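A short write-up of the structure that comes next.
The values are calculated or read from the model by the stated rules, or taken from the named source; none is laboratory data. Predicted model, so just to flag it, every value in this text is computed and none were measured. FYI the Cβ positions are ideal-geometry reconstructions off the backbone, even for glycines, and counts take in every protein chain you see.
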Amino acid sequence: MGDIVDKVTALVRCKECHWYKNCLTPVQVNTEDITQFRMVMQGTDLPEQAKSELDQLVENIASMSQEMILQSCPVFTQRLKEDAKLAGRVKEMMQNWGQEGESDELER
């Protein structure tokens, strides 16, 4: 009976999450964020060269973060932390991405 309650609780918790069915997304840094950073930088006493270098650094970080950093829903993150088997299955899926379709086609 405890397993059923746990499964229902997990399902309800997932469906109530504002990330529902969108567990992972790339970090989104938009031009508005960069513009806001530039406005903050204008109010500092840094030399123009330092401001320019920081501005370039922020643009590079924003570009890299969209390809390397993911935001994840708290429910998904908690499930990965609590279940090493789940984390292992996700890792295995990612490592074998694209290979499953190829092997399925070969079997047919």
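The number of residues in the range 46-60 being assigned to a helix (DSSP H, G or I) and either surrounded by fewer than 10 Cβ atoms within 10 Å (Cβ to Cβ) or not acidic (Asp, Glu) (or both) comes to 10.
Across the range 26-43, the number of residues qualifying as modelled with pLDDT of 80 or more and polar (S, T, N, Q) comes to 2. Collect the residues in the range 34-45 that are out of contact with any Lys or Arg (no Cβ under 6 Å at 6 or more places or on another chain) and surrounded by 12 or more Cβ atoms within 10 Å (Cβ to Cβ), keeping them in residue-number order. Across the range 34-45, the qualifying residues are Ile34, Phe37, Arg38.
Against the conditions (1) within 18 Å of Gln71 (Cβ to Cβ); (2) in a helix (DSSP H, G or I); (3) among the hydroxyl-bearing types (Ser, Thr, Tyr), Tyr20 satisfies every one except (2).
Condition (residue is surrounded by 11 or more Cβ atoms within 10 Å (Cβ to Cβ) and aromatic (Phe, Trp, Tyr)) applied to the range 80-99: is it met by at least one residue? No, the range 80-99 contains no residue that is surrounded by 11 or more Cβ atoms within 10 Å (Cβ to Cβ) and aromatic (Phe, Trp, Tyr).
For the range 26-35, the criterion of a residue being in a helix (DSSP H, G or I), in contact (Cβ under 8 Å) with a residue 12 or more places away in the chain and hydrophobic (A, V, I, L, M, F, W, C) is satisfied by at least one position.
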